[in-house]
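Report on the structure given below.
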Amino acid sequence: MSALFQTSLLLIASNVFMTFAWYGHLKNLNHRAWFVAALLSWGIALFEYLLQVPANRIGYGTLSLGQLKVLQEIITLSVFVPFTFFYMQEPLKLDYLWAGLCLLGAVYFIFRS
């Protein structure tokens, strides 16, 4: 399995945890004190880091730091949009499309030879 593929899979899984850690409490814990949500989010974020750190270590041998960052941002948006629509039940916005197009531009510039 290639380093890029391993890195991508780990970053996708990491972003699922990250998205729930950052935003899941807004739906599920809005009736609890903020520090309860913060502690629970911190616990979820541990799993994010257990996946994100190896992903970056694997990817850094093949990708530059800038390429890793742009890959991370693409994955973040790719995880965030379905999370917003399916889990948080918010409407999709045209701004997500524009943000995605900007990221495609970033991909072009950071990955070109």
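Every number in this text was worked out from the coordinates using simple rules, so none of it is lab data. All figures in this text were calculated on a predicted structure; none of them were measured in a lab. Neighbour counts run over all protein chains shown; Cβ positions are idealised from the backbone, glycine included.
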From the backbone phi of the range 92-98, what are the Karplus-calculated ³J(HN,Hα) couplings (6.51 cos²θ - 1.76 cosθ + 1.60, θ = phi - 60°) in whole Hz, Gly and Pro given as x? 6, 10, 4, 4, 5, 5, 5
Phi to ³J(HN,Hα) by Karplus 6.51 cos²θ - 1.76 cosθ + 1.60 over the range 67-81, Hz, x for Gly, Pro: 5, 4, 5, 5, 4, 4, 5, 5, 5, 4, 5, 5, 7, 5, 4
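Taking a ≥ b ≥ c as the square roots of the Cα gyration tensor eigenvalues, with a/c under 1.5 meaning rounded and otherwise prolate when a/b beats b/c, else oblate, which class fits the chain? Write out the running numbers ahead of the final one.
Details: a/c = 2.82, a/b = 1.41, b/c = 2.01.
Oblate, because a/c is 1.5 or more while a/b does not exceed b/c.
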Choice from GLY43, GLY59, GLY24 with maximal GNM fluctuation in the chain (Cα, 10 Å cutoff): GLY43
As a test of the formula, what do you get for the chain when each DSSP H run with n ≥ 4 contributes -39,500 (n - 2.57) and the sum is divided by the residue count, at 222 nm and rounded to the nearest 500 deg cm²/dmol? -25000 deg cm²/dmol
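Taking the Cβ of each residue in PHE20, PHE83, PHE111 as the centre, tally the other Cβ atoms inside 10 Å and list the residues starting with the fewest.
If I rank by nearby Cβ atoms, fewest first, I get PHE111, PHE83, PHE20.
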Which one of ASN28, ASN15, ASN56 has the biggest mean-square fluctuation once the chain is modelled by GNM with Cα springs under 10 Å? ASN28
